[in-house]
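Input: a single structure, listed below in structure tokens.
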Amino acid sequence: MLRIIQIYGTMMVAAMGQTLLLALLSLFFACLLGLFFGLLSTVRNRACNIIGAVYVDAIRGWPLIVLAYFVYFGIPMLIQGLGFKSFRMDSLQAGVIALSLNCGAYMAEIIRAGIQSVDKGQMEAARSLGLSYGKSMFKVVLPQAIRTMIPSIINQFIITLKDTSILSVIGFPELTNTTKNVSANVGLPMQAWLLCGLMYMVVIIILSKASKNIERRINRGR
Amino acid sequence: MAGNVKIHVSNLVKRFGDLEVLKDISMDVTEGEVVVLLGPSGSGKSTFLRCLNRLETPSGGQILIDGHDMTDKHTDLNKVRENIGMVFQHFNLFNHLTVMQNLTLAPVETKKATRAEAEATGRKYLEKVGLLDKANAYPSQLSGGQKQRVAIARALCMHPDIMLFDEPTSALDPEMVGEVLSVMQQLARDGMTMVVVTHEIGFAREVASRVVFMDGGYIVEQGTPEEVILHPKEPRTIDFLSKVL
Ligand SMILES: Nc1ncnc2c1ncn2[C@@H]1O[C@H](COP(=O)(O)OP(=O)(O)O)[C@@H](O)[C@H]1O
Ligand SMILES: [Mg+2]
């Protein structure tokens with residue numbers, strides 16, 4: 001283990017950096033997707049509700065690994081087939097797309113449930129004062145929904161951080177992929193994978209502690 | 001004093017699926033009038049009020065608010081709603097905002113006022129409802145009666161010319177009913193046009209310019225408080241009053 005740390009320590013820390021980059025980018029886009037599709041599921045419009053539900057069901061029905069292969073190998077072919085011959089997608093782009101789509105579906109469900117947990121009277125009171133639907137949603141309903149959503153969002157962030165490891169299959173040099181290479185080169189699989197697991201664990205514990213702090217602060221400020 | 005018609009409702013129908021809640025309601029409310037709506041639970045009083053500011057979409061008939069056709073899809077509902085205050089049974093204060101923020105949110109967001117103007121107006125109405133000292137409190141720190149008075153002040157901050165009240169005292173402990181009713185009475189005295197759903201018969205007798213009794217989706221009987229409350233003619237009105245008095 002010491003040998004691995006000595007020789008490959010910096011490489012694995014760098015790989016953890018790539019893992020975090022992938023996770024944070026994906027979480028950012030997942031939040032946007034989740035907000036968009038979560039709102040679609042809550043507005044009073046049948047067509048919007050159906051679009052929201054189809055997205056969630058479709059994505060939840062696909063294993064992430066299949067989605068990753070499809071985005072990485074399938075989408076470039078599709079776009080090249082449409083005439084954009086020089087189109088290329090690297091494994092970071094494909095990884096972010098696959099993971100954002102995946103996490104976005106779960107975020108959409110969390111946001112939909114959060115919005116629906118806010119008493120209908122809040123929206124009605126806001127509308128009765130002359131506020132538009134959008135203003136009522138963003139100024140009155142969502143700020144209250146966020147409170148109930150935070151534990152689920154933290155949980156989803158942790159799942160997504162761990163799901164980055166699945167993207168090792170499309171060759172992105174994140175922590176799991178790098179560990180695989182390290183253990184193949186050095187031949188100390190037990191030590192290499194133990195270190196890898198501990199690194200994930202430490203980062204996740206730090207993140208969840210920080211999130212708990214944020215959660216506490218938000219709940220106190222009322 | 002036959003003033004302007006502020007609310008004109010003709011042949012209003014409202015269905016929820018197969019359930020026809022409002023069958024044929026017609027009513028005019030003139031400026032400064034205080035109309036008290038009475039009726040058994042489930043008779044569609046809330047639905048009627050909510051149709052007036054289009055929280056519910058009518059299934060038929062016409063509603064004119066200050067001449068604006070609320071059933072016309074070209075009407076800017078948000079704009080008309082700025083002039084119709086509504087007070088709910090369960091207050092519906094914005095729980096994540098302080099009292100003052102509750103009062104200033106709509107005036108600022110609809111660009112009716114700058115923040116400073118909105119706060120000045122907010123203080124004026126908080127004083128009017130006797131809660132100036134609660135400006136920085138959160139709704140969870142208020143009693144039911146205080147919450148409802150804040151809700152009234154919040155509606156007034158938009159300077160509406162019509163106020164709708166949906167059983168504003170029904171969720172209150174008995175000792176807090178008076179403080180809310182007296183704010184409403186003051187409002188009526190100041191000339192506000194009001195439509196009030198309530199079971200407070202004493203309030204209806206003292207404050208109403210007209211009492212309307214609704215049942216089964218129709219207006220069964222209406223007139224002065226004298227006529228409807230003291231000398232009801234319809235059997236259903238008599239039966240209802242004997243239960244609430
Ligand atoms: N959104 C709704 N969907 C279906 N039925 C409703 C809805 N709102 C009210 N109703 C029904 O309409 C009837 C009248 O309700 P409401 O207007 O609240 O009566 P009231 O305020 O006089 O007690 C009731 O039978 C109620 O169940
Ligand atoms: Mg009601």
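The values are calculated or read from the model by the stated rules, or taken from the named source; none is laboratory data. Just so you know, these numbers come straight off a predicted model, no measurement behind them. Neighbour counts run over all protein chains shown; Cβ positions are idealised from the backbone, glycine included.
For residues that are more than 16 Å from ligand 2 (Cβ to nearest atom) and not in a loop (DSSP other than H, G, I, E, B), scanning just the stretch B:46-74, find the one that is farthest from B:Ile25 (Cα to Cα). Walk me through how you get there before you give the answer.
Filtering the stretch B:46-74 for residues more than 16 Å from ligand 2 (Cβ to nearest atom) gives B:54, B:57-74.
Now narrow it down to the ones that are not in a loop (DSSP other than H, G, I, E, B): B:60-65, B:68-69.
On the way: B:Gly60: 10, B:Gly61: 8, B:Gln62: 10, B:Ile63: 10, B:Leu64: 13, B:Ile65: 15, B:His68: 18, B:Asp69: 16 Å.
This residue is B:His68.
Starting from residues that are within 14 Å of ligand 1 (Cβ to nearest atom) and surrounded by 17 or more Cβ atoms within 10 Å (Cβ to Cβ), keep the ones in the stretch B:55-86 and report whichever is farthest from A:Tyr133 (Cα to Cα). So that I can check it myself, show each step before the final result.
Going through the stretch B:55-86, the residues within 14 Å of ligand 1 (Cβ to nearest atom) turn out to be B:55-59, B:86.
If we keep only those that are surrounded by 17 or more Cβ atoms within 10 Å (Cβ to Cβ) too, we end up with B:55-56, B:58, B:86.
Values: B:Leu55: 12, B:Glu56: 14, B:Pro58: 19, B:Met86: 17 Å.
The residue in question is B:Pro58.
Filter the stretch B:177-197 down to residues that are within 16 Å of ligand 2 (Cβ to nearest atom) and either away from chain A (no Cβ under 14 Å) or within 23 Å of B:Glu127 (Cβ to Cβ) (or both), then give me how many there are. Steps first, please.
Residues of the stretch B:177-197 within 16 Å of ligand 2 (Cβ to nearest atom): B:195-197.
Now drop any that are not either away from chain A (no Cβ under 14 Å) or within 23 Å of B:Glu127 (Cβ to Cβ) (or both), which leaves B:196-197.
Number satisfying all stated conditions: 2.
Condition first: part of a helix (DSSP H, G or I), away from chain A (no Cβ under 14 Å), more than 14 Å from ligand 1 (Cβ to nearest atom) and of a type outside the set (D, E, K, R). Can you find one or more residues in the stretch B:157-176 that meet it? If you could, list the steps in order and put the result at the bottom.
Quick first cut of the stretch B:157-176, residues part of a helix (DSSP H, G or I) only: B:174-176.
When the remaining residues are screened for being away from chain A (no Cβ under 14 Å), the result is B:174-176.
Checking the rest, the ones that are also more than 14 Å from ligand 1 (Cβ to nearest atom) come to B:174-176.
So of that shortlist, the ones also of a type outside the set (D, E, K, R) come out as B:174, B:176.
Scanning the stretch B:157-176, I find at least one residue that is part of a helix (DSSP H, G or I), away from chain A (no Cβ under 14 Å), more than 14 Å from ligand 1 (Cβ to nearest atom) and of a type outside the set (D, E, K, R), so the answer is yes.
In the stretch B:24-45, is there at least one residue being part of a helix (DSSP H, G or I) and either near ligand 1 (Cβ under 9 Å from one of its atoms) or under 23 Å from B:Pro232 (Cα atoms) (or both)?
yes
I want to confirm something. Restricting to the stretch B:92-107 and keeping residues that are more than 8 Å from chain A (Cβ to nearest Cβ) and in contact with a Lys or Arg (Cβ under 7 Å, 6 or more places away or on another chain), which single residue is nearest to ligand 2 (Cβ to nearest atom)?
Across the stretch B:92-107, the extreme among qualifying residues is B:Asn102.
Could you check the stretch B:124-152 and list, in sequence order, the residues that are within 22 Å of the chain's Cα centre (by Cα), surrounded by fewer than 17 Cβ atoms within 10 Å (Cβ to Cβ) and of a type in the set (D, E, K, R)?
Of everything in the stretch B:124-152, those that are within 22 Å of the chain's Cα centre (by Cα), surrounded by fewer than 17 Cβ atoms within 10 Å (Cβ to Cβ) and of a type in the set (D, E, K, R) turn out to be B:Lys124, B:Glu127.
Among the residues of the stretch A:202-214 satisfying the criterion of being exposed (fewer than 11 other Cβ atoms within 10 Å of the Cβ) and not charged (D, E, K, R), which is nearest to A:Thr178 (Cα to Cα)? Step through it out loud before you land on a result.
To start, the set of residues in the stretch A:202-214 that are exposed (fewer than 11 other Cβ atoms within 10 Å of the Cβ) comprises A:206, A:209, A:213.
Remaining after also requiring not charged (D, E, K, R): A:206, A:213.
Numbers: A:Ile206: 22, A:Asn213: 32 Å.
Out of the qualifying residues, it is A:Ile206.
What single numbered condition from (1) within 27 Å of A:Leu20 (Cβ to Cβ); (2) of a type outside the set (A, V, I, L, M, F, W, C); (3) part of a loop (DSSP other than H, G, I, E, B) fails to hold for A:Gly130?
(1)
With the requirement that a residue be more than 21 Å from B:Asp66 (Cβ to Cβ) and either surrounded by 14 or more Cβ atoms within 10 Å (Cβ to Cβ) or aromatic (Phe, Trp, Tyr) (or both), what does the stretch B:3-22 give you? Lay out the reasoning, then the answer.
Step one: list which residues in the stretch B:3-22 are more than 21 Å from B:Asp66 (Cβ to Cβ), which gives B:13-22.
Once the filter is applied, which keeps residues that are more than 21 Å from B:Asp66 (Cβ to Cβ) and either surrounded by 14 or more Cβ atoms within 10 Å (Cβ to Cβ) or aromatic (Phe, Trp, Tyr) (or both), the stretch B:3-22 yields B:Val13, B:Lys14, B:Arg15, B:Phe16, B:Glu20, B:Val21, B:Leu22.
Given the criterion over 29 Å from A:Asp119 (Cβ atoms), at pLDDT 95 or above and either over 15 Å from the mean Cα position of the chain (by Cα) or not polar (S, T, N, Q) (or both), identify the matching residue among B:Met100, B:Met27.
Details: B:Met100 fails: over 29 Å from A:Asp119 (Cβ atoms).
Only one candidate passes the filter, namely B:Met27.
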